[in-house]
Every structure is written in C-alpha cells, then in structure tokens.
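Input: a single structure, listed below in structure tokens.
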Amino acid sequence: MRHYYLHLKIGMGLTGFGVFFLFFGMILFFDKALLAIGNILFVAGLSFVIGLERTFKFFFQRHKMKATGFFLGGVFVVLIGWPIVGVVLEVYGFFLLFR
C-alpha cells in the first residue's frame with residue numbers, strides 16, 4: 001500500500017512541475033525548452049498517477065485517436081522546435097480528449 005502512495009506522490013509532483021513549466025514557458029513567450037520539459041513531465045506524471053497501462057488505454061481508444069494525434073503531435077512539434085504551433089495543437093487535442 002505504501003508503494004502505491006509513493007507513486008501517487010511522485011506522479012502528482014511530476015504533473016505539478018509539468019503544469020508549472022508549461023505555464024512558465026508560455027509566460028516567457030513560448031520558450032521551447034520550458035515547454036518541452038513541461039510536456040515530458042506532465043505526461044510522465046500522468047502515467048505515474050493512473051498507471052502506464054491505463055494511460056495507454058486512455059490515449060489510444062478508437063474514438064479518441066484524432067484527439068490523441070493532435071495532443072501527441074503537438075508535443076512532438078514542441079520538441080522539434082516550433083513551440084507556438086505545438087501548443088496550439090496540444091490545446092486543441094487536450095480539449096478533444098477531455099470534452
């Protein structure tokens with residue numbers, strides 16, 4: 001039981017830092033490095049909180065493939081160096097995922 005709580009605490013910390021870096025990256029005029037770190041930390045924290053298998057099941061459901069493509073495509077676009085386009089794709093995919 002303590003093992004689960006450790007994963008939950010680590011996951012919440014990673015997710016919190018991910019959201020912080022994403023916000024801070026947008027405040028600093030879409031800084032590529034901060035947005036990339038925020039994306040990686042957010043997805044890693046999500047997988048720690050709900051588990052790797054449930055994360056894959058959430059993202060790769062048949063009716064959510066378009067949203068997953070936009071979200072993960074946006075993460076990839078940010079990582080290759082186009083932060084504004086990537087964030088727009090991510091936000092659109094995020095709203096499609098959680099509508």
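The values are calculated or read from the model by the stated rules, or taken from the named source; none is laboratory data. Predicted, not measured: the structure shown is a model, and the values here were computed from it. Cβ sites come from the backbone with ideal geometry, for glycine too, and all protein chains shown count toward neighbours. The accessibility values were calculated without ligands, DNA or RNA, using every heavy atom of the protein model including side chains. Shrake-Rupley method; radii C 1.70, N 1.55, O 1.52, S 1.80 Å.
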* When all C-alpha to C-alpha distances in the range 44-92 are sorted into bins of 10 Å, what percent of pairs does each bin hold, rounded to whole numbers? -> 28, 43, 28, 0
* Asked: Can you give the accessible area per residue of the chain, in Å², using a 1.4 Å probe?
  -> 69
* To do: Take the chain, compute every pairwise Cα distance, and split them into 10 Å bins from 0; I just need the percent in each bin.
  => 18, 44, 31, 7, 0
* Structure fact -> From DSSP H assignment alone, runs of 4+ in the chain each adding -39500 (n - 2.57), the sum over residues rounded to the nearest 500 puts [θ] at 222 nm at -28500 deg cm²/dmol
* Asked: What dipole magnitude, in Debye to the nearest 20, does the chain give about its Cα centre under +1 on Lys/Arg Cβ and -1 on Asp/Glu Cβ?
  -> 380
* Asked: Carbon and sulfur together cover what percent of the accessible area of the chain at a 1.4 Å probe radius?
  -> 76
* For the range 11-23, take each phi angle, set θ = phi - 60°, evaluate the Karplus expression 6.51 cos²θ - 1.76 cosθ + 1.60, and give the result in whole Hz per residue in order, putting x for glycine and proline. => x, 5, x, 4, 5, x, 5, x, 5, 4, 5, 5, 5
* Full-extension gain in nm, Arg99 to Leu8, via 0.36 nm per residue minus C-alpha separation -> 30.3 nm
* Structure fact -> Note on the chain: contact order normalised by length, alpha-carbon pairs under 8 Å, 6 or more apart, percent, works out to 24
* Asked: Percent relative contact order of the range 14-58, based on C-alpha pairs within less than 8 angstrom and at least six residues apart?
  -> 42
